[in-house]
Amino acid sequence: MTSHQFPEYLIQRTVGYDLLRRLLIEEPTPALLNFLQQQDLATLFPAIADANFSSALERVQHALAGEPFITGDSAFENLHWDFTRLFIGPETPPAPPWESVYVSRDKLLFQRCTQEVKQVYQSCGLTMSDDDGEAPDHIGFELDFLYQQRQSVAEALHSGASLQSVMLSLLRQRDFLQQHTLAFCDAFSHNVKTHAETDFYCGIAQLLPVFLTHDAQQLNQVVGMETVQATS
C-alpha cells in the first residue's frame, strides 16, 4: 500500500475530532455555534452507517436551529450552563470528564491511568505541566491528542513521509483509543445523556462513542491490511 492508496477516511476524520475536542474542552463560543448552525453536520464527520449516529447528528442539528447564538441570549446561556454543570461544578459534576474517575478502583483523579496518558503525550512530543490545573486524562484533552495525531498523519501523507512511520502513528493512535479513551467513553456518555438539560449535549454524548468505536475499527482495518501486505 502506498500513501496514495490510504482510505479517504484517514483524511476526513480529522474534522470530527477537531469539533468534539472543542466542544468538550471548554464552553462553546457563539462563533463556533453559529458556524455549526450553518453546516450540514454529517459533512463534518466520516460517513458512519449507524442509525444512532445519524439520529445524534439530527438531534444536535435541531438543537442548533433557530436564531444566531449571542452572548446573554437564553439559548446560548443554557448551553453554557449545561456545560458548566455537567463537567465543572460548582458541585460535584454529574458527568466527570476524567478517565481516572471511571477506571480507577477509588474513582479518584490523578490515578495511574492519568500518568500513563501523560507519558503517551510526552512520547509524541506533547507536554503538559503539572501546573496546568487540569488532569491530562480529561476527555477533551484525550480527543485533542487524537486530533493532533490525526493531523500529523494527514500532513505526513501529504509530504510523502515513509509508510512505516505513518503506520506506527496509526497503531499508536489505535492503542490509545482502545486502552484509554474507549475505556471510559461509554460511561462518560451515559452520564451526559442522563444529566444533560439540552438536546445539544445529549446529541454530542450519543454520537461520541459511536464515532470513537468506528474510528478504532477503521484503524484496526488499515493497520491489519498493511500487516498482511507486508508479510505476503
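The values are calculated or read from the model by the stated rules, or taken from the named source; none is laboratory data. This is a predicted model, so every value here is computed, not measured. Every residue, glycine among them, receives a Cβ derived from its backbone with ideal geometry; neighbour counts consider all protein chains shown. For the accessible areas, the whole protein counts, side chains as well, though only heavy atoms, and no ligand, DNA or RNA atoms are used. Shrake-Rupley method; radii C 1.70, N 1.55, O 1.52, S 1.80 Å.
Structure notes:
- For the chain, with all protein chains in place and a probe radius of 1.4 Å, 50% of the accessible heavy-atom surface sits on carbon or sulfur.
- Backbone HN-Hα couplings from phi across region 50-60 [Karplus 6.51/-1.76/1.60, Hz, Gly and Pro as x]: 8, 5, 5, 5, 4, 5, 5, 4, 5, 5, 5
- Net length available on complete extension from GLN115 to ILE88 is 7.6 nm, with 0.36 nm assigned per residue and the Cα-Cα distance removed.
- Helical runs assigned H by DSSP (4 residues or longer) give the chain a calculated mean residue ellipticity at 222 nm of -21500 deg cm²/dmol, each run adding -39500 (n - 2.57) before division by the residue total.
- Net charge of the neighbourhood of LEU126, taken over other residues with C-beta under 10 Å away and scored Lys/Arg +1, Asp/Glu -1, is 0.
- Computed from the alpha carbon atoms alone, the convex hull of the chain holds 139 Å³ per residue.
- Proximal charge balance of TYR102 [Cβ under 10 Å; K/R count +1, D/E count -1]: -2
- The modelled label-to-label distance between CYS124 and LYS193, using points 7 Å beyond Cα along the C-beta direction, is 2.7 nm.
- Those trypsin sites (Lys or Arg not before Pro) in region 106-157 that DSSP places in a loop and that have at most 12 other beta carbons within 10 Å: LYS107
- Put a plus charge on the Cβ of each Lys and Arg, a minus charge on the Cβ of each Asp and Glu, and nothing anywhere else: the dipole of region 154-216 about its Cα centre is then about 180 debye.
- Once the Cα-Cα distance is subtracted from the 0.36 nm per residue extended length, the LEU108 to ASN220 segment shows a gain of 37.2 nm.
- Unit charges at the beta carbon, dipole of region 93-215: most positive-side option, VAL166, SER189, PRO94: VAL166
- A simple count of charges around GLU67, restricted to other residues whose Cβ falls under 14 Å of its Cβ and scoring Lys, Arg +1 and Asp, Glu -1, yields -2.
- For region 79-214, the per residue solvent-accessible surface stands at 46 Å², with DNA, RNA and ligands left out and a 1.4 Å probe.
- Cβ-placed point charges (K, R +1; D, E -1), dipole of region 1-134 about Cα centre in debye, nearest 20: 420 debye
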